[in-house]
Structures are given as C-alpha cells and as structure tokens.
Amino acid sequence: QVQLVESGGGLVQAGGSLRLSCAASGRAFSMYAMGWFRQAPGKEREFVAAIRWSGGYKYYADSVKGRFTISRDNVKNTVYLQMNSLKPEDTAVYYCAADFSSSRGWQFARIDAWDYWGQGTQVTVSS
C-alpha cells in the first residue's frame, strides 16, 4: 500500500510561481517513477511531468517545458513540481502519481501506467 499526499497548491497571479510537493508513504522501496497530472473542470486529465526514481530521467509535456521543473528527494520519498511563469491556462487540480510496476515500454503519459494517485491540490492562476 502506498499513500500520496500533495501540498503547495493555491491562488497565484499570472507570472507567479508555486511549488507543489507530494510525499509517498508506505511501500516506497521499489518505486519506479513519480509524476504529475492535471485536470481542469470539464476536461480530461493530462500529463504534466514525470521523473524516474533511479537515474532521475525527466519528462515534460510540451505545454509546460521550460516553465516547470520536476525533482525528487529519494530520502524523503518526495517529488516536487516547481511551477514558474504561471499562466491562467495552468489552472487545474494537480494530481501526484506513483508507479511501481513499469519497466520496459513505460508509457508515462498514459493514465493506466500509474499505480497510485493522490487526492489532488488546486492551482488557480489569475490574470
């Protein structure tokens, strides 16, 4: 069993910054990757960023590349999402995810590639 708890969401003006955190508890010794998705009202959940736990390879959606940075603390079993130059279109509920079962052929942008999900944290960017 793994539990994911997100924090750091809030209201920010366009051009501002936020840092999201997601701490994993429970079984975390064999974690393959952690990542972030987001979902705006009335829209499907979309991939934002992912990081492989061993090696630290990073992956980003084109819409956030150059503005968002994903990082990890393997001691704390925590993943972060530094969000800079925020835009109103970044407004969404951001969900943390963890993967324990993937290896070869990992499709990080697919919802079904991930095993555990947090409850989400709201990010609202005003103009």
- line: Yeah, segment 13-68 with a ≥ b ≥ c from its alpha-carbon gyration tensor (a/c under 1.5 is rounded, else prolate when a/b outruns b/c, oblate otherwise) is prolate
message: Once you place label points 7 Å from the Cα toward the Cβ at SER7 and ALA40, how far apart are they in nm?
response: 2.9 nm
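Determine the relative contact order of segment 48-115: mean sequence separation of Cα pairs under 8 Å and six or more apart, normalised by residue count, in whole percent. Display every interim value, and only then the final one.
Details: 61 pairs, mean separation 13.6, N = 68.
Worked out over segment 48-115, it gives 20 percent.
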Debye log10 I(q)/I(0) at q = 0.15, 0.16, 0.25 Å⁻¹ for segment 42-84, Cα point scatterers: -0.40, -0.45, -0.90
- line: Using alpha-carbon positions, the gyration tensor of segment 53-127 gives root eigenvalues a ≥ b ≥ c; with a/c under 1.5 called rounded, otherwise prolate if a/b exceeds b/c, else oblate, the class is prolate
query: Say we join alpha carbon atoms closer than 10 Å with springs in a Gaussian network model of the chain; which of TRP117, TRP106, TRP53 then has the biggest fluctuation?
result: TRP106
statement: Within the set PHE29, PHE100, PHE68, GNM on the chain using Cα springs under 10 Å gives the largest fluctuation to PHE29
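Each value in this text was obtained by applying a stated rule to the coordinates, not by laboratory testing. Fair warning: this is a prediction, and the values are worked out from it, not measured in the lab. Note: ideal-geometry Cβ built from the backbone for every residue, glycine included; neighbour counts use all protein chains shown.
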